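Peer 1: One structure, as structure tokens, below. Some questions next.
The values are calculated or read from the model by the stated rules, or taken from the named source; none is laboratory data. Computed from a predicted structure; not experimentally measured. In this analysis, Cβ positions are derived from the backbone assuming ideal geometry, glycine residues included, and neighbour counts consider all displayed protein chains.
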Amino acid sequence: MTGVEAVSNGVPAFQPPESSNAAATMLMMAVLSITMFVGITLLAHAYHVVPSDQETVVSQLARGVFGDRGVPYYARPGGDDADPGAGGQHRLRRLPAAGVDPRARPATCRGSS
């Protein structure tokens, strides 16, 4: 989970009391993750979604929720791609890790020539 590392590495960036605010953030992330997991599980059960070779589970859920391949069904992947939080692009990613000097130059890799 990318957000967990962002919070744990970015504790100094929280307002005082830093550790309490970071813990509250982690708790909220856990509650949201559990809620989404339970919701998706209930939807999958309600729509009788099973893994198949013809259609992904996510596609089956979207078809059940949005109808048989209308505009919302095809807009869903675009919403996934538009999420700036996906792929580690969270706003805390530029914070230095604890104990790391942000002014230090990163080591360079030198390949064999």
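Results for (1) in the same structural domain as Arg76 (by TED's automatic domain parsing); (2) loosely packed, with under 11 Cβ neighbours inside 10 Å, shown as yes or no for each residue.
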| position | (1), (2) |
| --- | --- |
| Ser8 | no, no |
| Glu18 | no, no |
| Ala22 | no, no |
| Val31 | no, yes |
| Ser52 | yes, yes |
| Thr56 | yes, no |
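Peer 1: Looking at region 28-41, I want the residues that are free of Cβ contacts under 8 Å to residues at least 40 places away in the same chain and have a partner that is surrounded by 11 or more Cβ atoms within 10 Å (Cβ to Cβ) with Cβ atoms under 8 Å, at least 6 apart or on another chain. Which pairs are those?
Peer 2: Sorted first by the residue in region 28-41, then by its partner, the pairs are Met29/Gly3; Met29/Val4; Met29/Val7; Ile40/Leu61.
Peer 1: Which residues, taken from region 28-64, are of a type in the set (Phe, Trp, Tyr) and touching a helix residue (DSSP H, G or I) at 6+ places or on another chain (Cβ under 6 Å)?
Peer 2: Passing the criteria: only Tyr47.
Listed here are the residues, each with its yes/no results for (1) in a helix (DSSP H, G or I); (2) within 30 Å of Arg69 (Cβ to Cβ); (3) modelled with pLDDT of 90 or more.
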| residue | (1), (2), (3) |
| --- | --- |
| Ser8 | yes, no, no |
| Pro12 | yes, no, no |
| Pro16 | no, no, no |
| Asn21 | yes, no, no |
| Val31 | yes, no, yes |
| Ile34 | yes, no, yes |
| Ala44 | yes, yes, yes |
